[in-house]
Amino acid sequence: MSSPPEGRLDPAVLKAAGGVRAHYAAGRLAVVQPGADGRRAASELRLHAAATLRQWRWRAAQPYAPECLTLNLSNRCNLACRYCFSAHDGRNNSPVLRDPAILAAAAALVAGHCREKGLPFQLVVHGGGEPTLHWEEMEQAVAVTRAAAGAAGIGWRSYIATNGVMDEDRCRWLAANFTGIGLSCDGPPDVQDRQRAAAGGAPTSAAIERTARCLRELGCDFSIRATITPATVERQPAIVAWLHQTLGATRIRFEPVYRAGAAAIAAAADPAAESATDAAAVAESAPDAVELPNPPPWNRPNMRTDPSRLCDR
Ligand code: SF4
């Protein structure tokens with residue numbers, strides 16, 4: 001871990017366009033609308049900055065003892081989502097972990113720390129790309145980490161984040177080999193096919209429905225992550241209803257799109273808050289209760305942030 005940052009905690013004004021001001025401090029960006037008093041935002045930012053600094057210093061002082069092995073297998077993908085955060089750096093150019101010795105060493109390290117802490121081994125296979133495109137490496141990761149957990153005498157848990165565009169055989173394998181699956185789907189076909197088309201432009205909604213049906217039939221524990229964009233911000237109730245009724249999701253996570261730009265996100269904030277509240281009501285009234293852990297990403301403080309901008313700085 002790098003050294004904790006030193007210096008000012010005071011928020012810095014990053015830009016002022018059309019009367020909108022953006023203030024930044026240690027991991028937070030606040031957008032202040034024209035004519036609004038920015039003092040409250042500034043004071044909240046100072047508090048967040050101080051808390052972030054305290055946490056960072058505490059973590060930097062801890063010995064390195066990972067409890068989870070997270071693999072980002074590469075940034076290759078079979079989809080071309082309009083907002084993809086990895087596409088702008090050039091796709092298909094990241095290295096792929098192919099050396100079993102590295103994987104085994106990492107798994108043994110994590111297994112040792114999990115055993116000391118009385119935890120099960122946790123494997124997370126993640127994107128930045130679509131991990132199932134690296135099928136052999138993924139099978140290998142499952143086998144190697146299971147073996148490491150077995151050798152350490154601890155349990156094994158696993159989670160994979162996938163775009164869900166795969167055939168049924170692969171879907172069955174995932175269901176049998178991962179204890180948790182996160183499926184990305186932005187909503188009904190008109191939304192999914194517009195925002196998350198295949199790399200060649202083909203629709204993907206039918207494939208997602210097939211994957212969700214397959215997972216449901218196998219009794220698999222899956223959740224759905226939906227990215228909310230300015231185009232869908234007012235459709236959150238309908239999206240919750242569709243994900244629940246058509247895909248059978250009982251756990252849904254909404255995340256705001258990260259590359260819309262601060263102005264677009266701020267402009268969407270107010271209708272978003274109302275739409276999020278309605279979405280929560282839809283979730284609560286579903287017959288078998290839908291978990292919507294973060295219906296208010298749009299009305300919590302970082303609704304008005306643009307993480308892609310933070311990363312650029
Ligand atoms: S599935 Fe993920 S990695 Fe692939 S294009 Fe969409 S956002 Fe990017």
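The values are calculated or read from the model by the stated rules, or taken from the named source; none is laboratory data. Worth saying up front: this structure is predicted, and the values here are computed from it rather than measured. Positions of Cβ are generated from backbone atoms using ideal geometry, with glycine treated the same way; all protein chains shown enter the neighbour counts.
Go through the residues of segment 69-89 one by one and say whether even a single one is assigned to a loop (DSSP other than H, G, I, E, B), more than 11 Å from the ligand (Cβ to nearest atom), within 30 Å of G164 (Cβ to Cβ) and modelled with pLDDT under 80. No, segment 69-89 contains no residue that is assigned to a loop (DSSP other than H, G, I, E, B), more than 11 Å from the ligand (Cβ to nearest atom), within 30 Å of G164 (Cβ to Cβ) and modelled with pLDDT under 80. From the list V142, V165, the lone residue that is away from the ligand (no atom under 15 Å from the Cβ) and at pLDDT 95 or above is V142.
Does A106 fit the bill of being in the same structural domain as L71 (by TED's automatic domain parsing), out of contact with any strand residue (DSSP E or B) (no Cβ under 7 Å at 6 or more places or on another chain) and surrounded by fewer than 20 Cβ atoms within 10 Å (Cβ to Cβ)? For A106, the condition - in the same structural domain as L71 (by TED's automatic domain parsing), out of contact with any strand residue (DSSP E or B) (no Cβ under 7 Å at 6 or more places or on another chain) and surrounded by fewer than 20 Cβ atoms within 10 Å (Cβ to Cβ) - is not met.
Selection within segment 121-139: residues that are buried (at least 16 other Cβ atoms within 10 Å of the Cβ) and either of a type in the set (D, E, K, R) or more than 25 Å from C185 (Cβ to Cβ) (or both). The member of this set that is nearest to the ligand (Cβ to nearest atom) is E130.
In this structure, L243 does not satisfy being surrounded by 24 or more Cβ atoms within 10 Å (Cβ to Cβ) and within 30 Å of L119 (Cα to Cα). Looking across G153, G200, one residue alone is away from the ligand (no atom under 13 Å from the Cβ) and more than 18 Å from the chain's Cα centre (by Cα). It is G153. Within segment 232-258, the set of residues being out of contact with any Pro (no Cβ under 9 Å at 6 or more places or on another chain) and in a loop (DSSP other than H, G, I, E, B) comprises T232, L247, G248, A249, T250.
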